Amino acid sequence: ARAISASFAANTTTNGTPHGWLGQHGLATNDIGALYEDGDGMPAWQEYVADTDPTNPASVLRLLGISNLPPIEVSFPCSSNRQYTLEFSTNLNQDSWTNLPDQTDIRGSGGTNTLFDTNAPAPPRFYRIGVELIP
């Protein structure tokens, strides 16, 4: 008796961007393609993670709005193939971000998502959205 097994994985760049995804967008299927930037401030490898189009400057992960009354609501366009986390900082000079409890690893709806900070105390907070591939 004999057994054969095989494991397959996508060919990727050094930062994990699949060559096939880069090729689908007409980019070089190597690290140079993963670093391509279309003018929106995000290199192609970050656009892969955000599930946006690396050849369309209007396709970028961005905030659509933030309310100014509690609870704070942060709205953004999202992908149903990604998960999102609401992060905050009280000092942008320190580059120190904290995930908000109960607002982590939220699966995107494929439209507009809104995440909430229900306990926004003083001092004022700055917000950003983190995005990850769904494991």
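Here are some notes:
- I106 among the hydrophobic types (A, V, I, L, M, F, W, C), touching a residue at least 60 places away in the same chain (Cβ under 8 Å), under 30 Å from P123 (Cβ atoms) and open to solvent by 50 Å² or more (accessible area, probe 1.4 Å): no
- Considering the range 43-62, and only residues there that are in contact with a Ser or Thr (Cβ under 7 Å, 6 or more places away or on another chain) and not aromatic (F, W, Y), the residue that is nearest to N119 (Cα to Cα) turns out to be L61.
- On inspection, P70 fails the criterion of being surrounded by 19 or more Cβ atoms within 10 Å (Cβ to Cβ) and either out of contact with any Lys or Arg (no Cβ under 9 Å at 6 or more places or on another chain) or at pLDDT 95 or above (or both).
- Pairs are defined by a Cβ separation below 7 Å, a sequence spacing of at least 6 or placement on different chains, a first member in the range 44-56 that is part of a loop (DSSP other than H, G, I, E, B), and a second member that is open to solvent by 60 Å² or more (accessible area, probe 1.4 Å) and of a type outside the set (S, T, Y); the pairs so defined are D51/N81; T55/G26.
- Residue that is farthest from the chain's Cα centre (by Cα) [pool: residues in the range 117-135 that are open to solvent by 80 Å² or more (accessible area, probe 1.4 Å) and farther than 15 Å from R62 by Cα]: A122
The values are calculated or read from the model by the stated rules, or taken from the named source; none is laboratory data. All values derive from a computational prediction rather than experimental measurement. As a convention, Cβ positions derive from the backbone with ideal geometry for all residues, glycine included, and neighbour counts pool all protein chains shown. For accessibility, only protein heavy atoms count, side chains too; no ligands or nucleic acids. Shrake-Rupley method; radii C 1.70, N 1.55, O 1.52, S 1.80 Å.
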